[in-house]
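Presented below is the structure to which this report refers.
The values are calculated or read from the model by the stated rules, or taken from the named source; none is laboratory data. Remember, predicted model here, so these are calculated numbers, not experimental data. Quick reminder, even Gly has a Cβ in these numbers, built from the backbone with ideal geometry, and neighbours come from all protein chains shown. For accessibility, only protein heavy atoms count, side chains too; no ligands or nucleic acids. Shrake-Rupley method; radii C 1.70, N 1.55, O 1.52, S 1.80 Å.
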Number of protein chains: 2
Amino acid sequence: MPRNGDEVRLRLQEAALELYLERGYDKTTTGDIAARAGVTERTFFRHFADKREVFFDGEAQLRDLLTGAVAAVPAGTKPLPTLRAAFHQTVPLIERNLPITQRRAPVIAATPALKERALAKSAALVAALTDALRARGVAEPIAALCAQVGMDTYSIAVRRWGADRTDDLHTHLDRAFTDLRLAANALK
Amino acid sequence: MPRNGDEVRLRLQEAALELYLERGYDKTTTGDIAARAGVTERTFFRHFADKREVFFDGEAQLRDLLTGAVAAVPAGTKPLPTLRAAFHQTVPLIERNLPITQRRAPVIAATPALKERALAKSAALVAALTDALRARGVAEPIAALCAQVGMDTYSIAVRRWGADRTDDLHTHLDRAFTDLRLAANALK
DNA sequence: GAAAGTGCGTCAGCTACTGACATGAAGTAG
DNA sequence: CTACTTCATGTCAGTAGCTGACGCACTTTC
């Protein structure tokens, strides 16, 4: 077996995904994953903090892309339009990741422990977006509200796109943000 | 020690809170909690599914209150105004729970595992609100979006209220929903 | 070519969590 | 009053997630 650390990491991720799909998360032990990847259990935990984390890699990449995109939006743009523009920048990455995302989806849906971790990852993105908005001069409470609401809208757009791919992700994004504007306009 | 099941449950919750405050979540074992409550570790797991769950009780109560309040809003009210009205109905409960909520807050803030569980509880509330909106005839994608966004706004109002209690929770609620409307109006 | 760094194996151990069975208190039927 | 049932708990044995310590082999660097 190759000793290259990065390759081991990839093999562990692939092995975990396969096993979770074959027998489910609960009936897969970390030892099983390590064995299929050709390493020991101890090595599994050198690459991933826990049994869930092996499933969620590349979230840091999305975070960096998003915060960079927020910073690149012309000054003076309001918070939610800023976020919408940033989300549009992520479309190629999301499209590229679709195959692996779709393989993971059923496992996450069937596993509460993985749902929890997915929520935590999303919350980390919201925190990063909040910081990015504050760096643009958005006041604290508004920044947190917009980051959270923007992320929800983004998530729903991606979800709808995954379920119905007749329209592209850009279209779904604009549609979701329009839905948000219309819904919020009904508030008095 | 009394054998009444409910009382054991309360003692376990109180013991867990005390110990988490004294030495932190990670340095507290389920055996410690059980011992302080005067029972065995096995009994702990008969009352709570896991070490985190002992910290989050009464979320079901809030869920029932919220879904009932949504159902009670006059027909024809738009989704977000419906939710805002329902959230106002929960103010007495939130105020009553403030003392215990404030004791828990620092522990949750310091413990990633508890943050994750808190997010999961919030997500469960969003799911319940989505169902409640759909029961009122709101279309699926709009219901999910509004439930999620409404919950965010609610959470932020409660958070602001906890940090600055010069205004009451009703005021913070209206303020947060106004912020939402204004932010969303900037979307073209 | 020696020294330092690194990725991995091995082993020992802790703790969260579960299943199976026993016990003993409390209520209920006869 | 006794017998039967029910139910919360105790006891015990076991699995699995996760960690620290140590040693080894391979790679890098000077």
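Of all residues being more than 22 Å from the chain's Cα centre (by Cα), away from DNA strand C (no atom under 12 Å from the Cβ) and among the charged types (D, E, K, R) in segment A:6-35, which is surrounded by the most Cβ atoms within 10 Å (Cβ to Cβ)? Just the residue, please. This residue is A:ASP32.
Note on segment B:109-120: residues that are open to solvent by 40 Å² or more (accessible area, probe 1.4 Å) and either more than 10 Å from every other protein chain (Cβ to nearest Cβ) or on the phi > 0 side of the Ramachandran plot (or both) amount to 2. The residues in segment B:128-182 that are farther than 24 Å from B:ALA118 by Cα, of a type in the set (Ser, Thr, Tyr) and more than 9 Å from chain A (Cβ to nearest Cβ) can be counted, and the count is 2. Take the conditions (1) part of a loop (DSSP other than H, G, I, E, B); (2) crowded, with 17+ Cβ neighbours inside 10 Å; B:GLY137 misses just one of them, which is (2).
The rows are residues; the columns are (1) under 22 Å from B:ALA124 (Cα atoms); (2) at pLDDT below 95; (3) in contact with a Pro (Cβ under 9 Å, 6 or more places away or on another chain).
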site	(1), (2), (3)
B:LEU19	no, no, no
B:ARG42	no, no, no
B:HIS47	yes, no, no
B:GLN61	yes, yes, no
B:LEU66	yes, no, no
B:PRO74	no, no, no
B:LEU80	yes, no, no
B:ILE94	yes, no, no
B:ARG104	yes, no, no
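The C-beta contact set for segment A:85-113 (first residue more than 30 Å from A:VAL73 (Cα to Cα) and touching a residue at least 24 places away in the same chain (Cβ under 8 Å), second residue of a type in the set (D, E, K, R) and in a helix (DSSP H, G or I), distance under 9 angstrom, 6+ apart or interchain) comprises A:ILE108/A:LYS115; A:ILE108/A:ARG117.
Can you list the helices (runs of 4 or more DSSP H) found entirely within segment B:1-107 that contain at least 2 residues being within 16 Å of DNA strand D (Cβ to nearest atom)? If you could, list the steps in order and put the result at the bottom.
Details: elements: B:5-23, B:30-37, B:41-47, B:59-72, B:79-89.
Filter on segment B:1-107 gives B:5-23, B:30-37, B:41-47.
Only one entry in A:THR43, A:THR101, A:THR67, A:THR77 is within 18 Å of A:GLY162 (Cα to Cα) and open to solvent by 20 Å² or more (accessible area, probe 1.4 Å), namely A:THR101. Remark: pairs (first residue in segment B:4-31, free of Cβ contacts under 8 Å to residues at least 60 places away in the same chain and under 17 Å from B:LEU114 (Cα atoms); second residue open to solvent by 20 Å² or more (accessible area, probe 1.4 Å) and not in a helix (DSSP H, G or I); Cβ separation under 7 Å; 6+ apart in sequence or on different chains) = B:GLN13/B:ASP57; B:THR30/B:LYS51.
When B:ALA72 is tested against (1) surrounded by fewer than 16 Cβ atoms within 10 Å (Cβ to Cβ); (2) under 17 Å from the mean Cα position of the chain (by Cα), exactly one condition is not met: (2). None of B:ALA144, B:ALA113, B:ALA183, B:ALA127 is touching a Leu at 6+ places or on another chain (Cβ under 8 Å) and either among the charged types (D, E, K, R) or assigned to a helix (DSSP H, G or I) (or both) except B:ALA183.
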